[in-house]
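Reviewing the structure listed below.
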Amino acid sequence: MTVVLCIFVATRAQVLIPIAIAAVIIGVVGMMSMPKDVKLEQAEFPKGIIKIDGITLQAQIADTKPLQMRGLMFQNKLPYDQGMLFIFQDEGVRSMWMLNMQFSLDVLWIDSQGNVVHIEKDTQPCKSAVETMTCTFTNGESKPAKYVLEVTSGFVDKYNIKENSKLEIISA
């Protein structure tokens, strides 16, 4: 009795082609599932004025689901005196993604009392459809947040913002 053992060794192409196809499908499905107003390159956000530790910022306000999904996609780098403030109905764990971003961000999660509860510095944009699933950031240790502030990378270090820094909403 003879036993034949066949070992199949996959070539690099046999492994990479299915991964590339899956990445394209994930990207296409992700773009198709977004509301139409999120896909538009130009979006109008309400404007407001906020302060974080006494530093005044002009803020684009994202207070609806479509505006929150759209975020800073496709926008050019912001000056240090500008940012985007996401306002949610209640406190919770908030995940932010970097899909279609053109620049790096510092992201601050803030509780309902205005205290910074978590900071992610120099978050990088997604570079491919595959990264879309992995380039999200969540408030650390699941500390509840009602607000998320996105500012240009380097802002946190430049102005020495720390956990427990204070957000003040002047107008929104």
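A short reminder: the numbers here are calculations on the coordinates, not readings from a lab. Computed from a predicted structure; not experimentally measured. Heads up, the Cβs are rebuilt from the backbone with ideal geometry, glycines too, and the neighbour counts pull from every protein chain shown.
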Take the stretch 118-133 and flag every residue that is crowded, with 16+ Cβ neighbours inside 10 Å and either in a loop (DSSP other than H, G, I, E, B) or not β-branched (Val, Ile, Thr) (or both).
His118, Glu120, Pro125, Cys126, Ala129, Glu131
Can you find, within the stretch 141-172, the residue that is farthest from Leu78 (Cα to Cα) among those that are among the basic types (Lys, Arg) and outside any strand (DSSP E or B)?
Lys143
Assess whether Thr136 counts as being without any contact (Cβ under 8 Å) to a residue 40 or more places away in the chain, in contact with a strand residue (DSSP E or B) (Cβ under 8 Å, 6 or more places away or on another chain) and either surrounded by 13 or more Cβ atoms within 10 Å (Cβ to Cβ) or closer than 20 Å to Ala62 by Cα (or both).
no
Restrict the check to the stretch 101-109 and report whether at least one residue is surrounded by fewer than 20 Cβ atoms within 10 Å (Cβ to Cβ), within 20 Å of Thr138 (Cβ to Cβ) and without any contact (Cβ under 8 Å) to a residue 12 or more places away in the chain.
no
Can you name the residue in the stretch 107-137 that is among the polar types (S, T, N, Q) and under 22 Å from Glu168 (Cα atoms) and is also farthest from the chain's Cα centre (by Cα) among such residues?
Gln113
